[in-house]
1. In whole Hz, what ³J(HN,Hα) sequence does region 8-17 give by Karplus (6.51, -1.76, 1.60; θ = phi - 60°), x for Gly and Pro?
2. Considering only protein heavy atoms and a 1.4 Å probe, what is the carbon-and-sulfur percentage of the accessible area of region 2-63?
3. Can you check what the Kirkwood hydrodynamic radius comes to for the chain, Cα pairs only, in Å to one decimal?
4. Accessible area per residue, 1.4 Å probe, Å², for the chain: what's the number?
5. Give me a comma-separated list of calculated 3J(HN,Hα) values for region 55-64, in order, Karplus coefficients 6.51, -1.76, 1.60 applied at θ = phi - 60°, integers in Hz, x for any Gly or Pro.
6. For Cα pairs less than 8 Å apart in space and 6+ apart in sequence, what is the mean separation divided by the residue count of the chain, i.e. the relative contact order in percent?
7. What list of ³J(HN,Hα) couplings, whole Hz, do you get for region 18-32 from phi and the Karplus terms 6.51, -1.76, 1.60, once you set θ to phi - 60° and write x for glycine and proline?
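The values are calculated or read from the model by the stated rules, or taken from the named source; none is laboratory data. Here the structure is a predicted model, which means the values were calculated and not measured. SASA here: full protein model, heavy atoms, side chains in, ligands and nucleic acids out. Shrake-Rupley method; radii C 1.70, N 1.55, O 1.52, S 1.80 Å.
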Amino acid sequence: MKVRVQADKCQGHTICAMQAPEIFTLSDYDGHSEAIAGEVPAGLEARVSDAVRSCPEQAIIIIPDDEPDSDSPEES
Ligand code: F3S
């Protein structure tokens, strides 16, 4: 799986980076989080899932392996 932080939702709570520092890095500029671009290593998937659940802004989304990694907003 891959993971992405939605920049417009992240408020810099830093919980994600504390739970999975290998995956989430915080900007020195505004403290907002960014996720690694590649695949989440299998051994870190549980911690990434915890980070997704723990983010107060629900800013982190998991991209399943069978979906393209896209920044375009979901359309209904
Ligand atoms: Fe941002 Fe949520 Fe992490 S607000 S810094 S993605 S815990």
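1. Along region 8-17, the couplings run 6, 9, 4, 10, x, 6, 6, 4, 4, 6 Hz.
2. Ligands and nucleic acids excluded, carbon and sulfur reach 50 percent.
3. Details: mean 1/r = 0.0801 Å⁻¹.
Result for the chain, one decimal place: 12.5 Å.
4. On the way: 5100 Å² over 76 residues.
So the chain comes to 67 Å² accessible per residue, rounded to a whole number.
5. Result, rounded to whole Hz: 5, x, 9, 6, 8, 9, 10, 9, 9, x.
6. Details: 115 pairs, mean separation 31.6, N = 76.
Answer for the chain is 42 percent.
7. 6, 7, 9, x, 6, 10, 10, 10, 9, 5, 5, 7, 10, x, 7
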